[in-house]
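The values are calculated or read from the model by the stated rules, or taken from the named source; none is laboratory data. Owing to the predicted nature of the structure, the values given are computational and were not obtained by experimental measurement. For neighbour counting, all protein chains shown are included, and Cβ atoms are generated from backbone atoms with ideal geometry for every residue, glycine included. Accessible surface is based on the protein model in full, side chains and every heavy atom, while ligands, DNA and RNA are left aside. Shrake-Rupley method; radii C 1.70, N 1.55, O 1.52, S 1.80 Å.
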Amino acid sequence: ECSNLQKFIENFGLSAANNADRNSVNITFPNPLVDWSTPEVLVEEYADGHPISVYLSDHSEAGLATRRILARPLLQAFLKMVFIDNFVHSDLHPGNVLVKVCDDKSSHDIVFLDAGIVTRLSAQDQKKSKGLVYSCCIKSG
């Protein structure tokens, strides 16, 4: 899992010292503390935030607005994992996705946790996945 976190941090262009730029939404991963980790025990920085399910169940105007803000970077991150990096976090359920409202209140961090399960798609699976996404985009899938 430690090496998976390091690979995601590298793939997303995140510095181990400060793995986020200040955009409106940033995708981040907890930094593993390599010197403290072993093959049996992973030690990583504390990741603060609320489970994304808090935002998914908030049907107020503010909740809907926040979901609109979060949707694009979440989708872009997933598509990047599948089609650009071919290194996919394979356990992205709501409990493994945190949302942190940053100090300036106008930006968010999306933190992906538990990178122990990853996969790479075969060339054939990637091609079929591209076809599926394309079909959905043109509303014929």
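If only residues of the stretch 1-41 that are closer than 17 Å to His89 by Cα and among the hydrophobic types (A, V, I, L, M, F, W, C) are counted, the one that is modelled with the lowest pLDDT is Leu14. Ile84 falls short on exactly one of the conditions (1) among the β-branched types (Val, Ile, Thr); (2) in a helix (DSSP H, G or I); (3) closer than 19 Å to Asn11 by Cα; (4) open to solvent by less than 40 Å² (accessible area, probe 1.4 Å), and that condition is (4). Just one of the listed residues (Asp85, Asp109) is touching a Lys or Arg at 6+ places or on another chain (Cβ under 7 Å) and among the acidic types (Asp, Glu), namely Asp109.
Yes or no: Thr66 closer than 23 Å to Asn4 by Cα and under 20 Å from the mean Cα position of the chain (by Cα)? Spelling it out, it is not the case that Thr66 is closer than 23 Å to Asn4 by Cα and under 20 Å from the mean Cα position of the chain (by Cα). Please indicate, with yes or no, whether at least one residue in the stretch 99-106 is in contact with an Asp or Glu (Cβ under 8 Å, 6 or more places away or on another chain) and either in a loop (DSSP other than H, G, I, E, B) or open to solvent by less than 60 Å² (accessible area, probe 1.4 Å) (or both). Yes, the stretch 99-106 has at least one match.
How about the stretch 120-141: which of its residues are open to solvent by less than 60 Å² (accessible area, probe 1.4 Å) and outside any loop (DSSP other than H, G, I, E, B)?
Selection gives Gln126, Ser129, Gly131, Val133, Ser135.
In the stretch 58-80, the count of residues that are modelled with pLDDT of 90 or more, open to solvent by less than 40 Å² (accessible area, probe 1.4 Å), in contact with a His (Cβ under 8 Å, 6 or more places away or on another chain) and not charged (D, E, K, R) is one or more.
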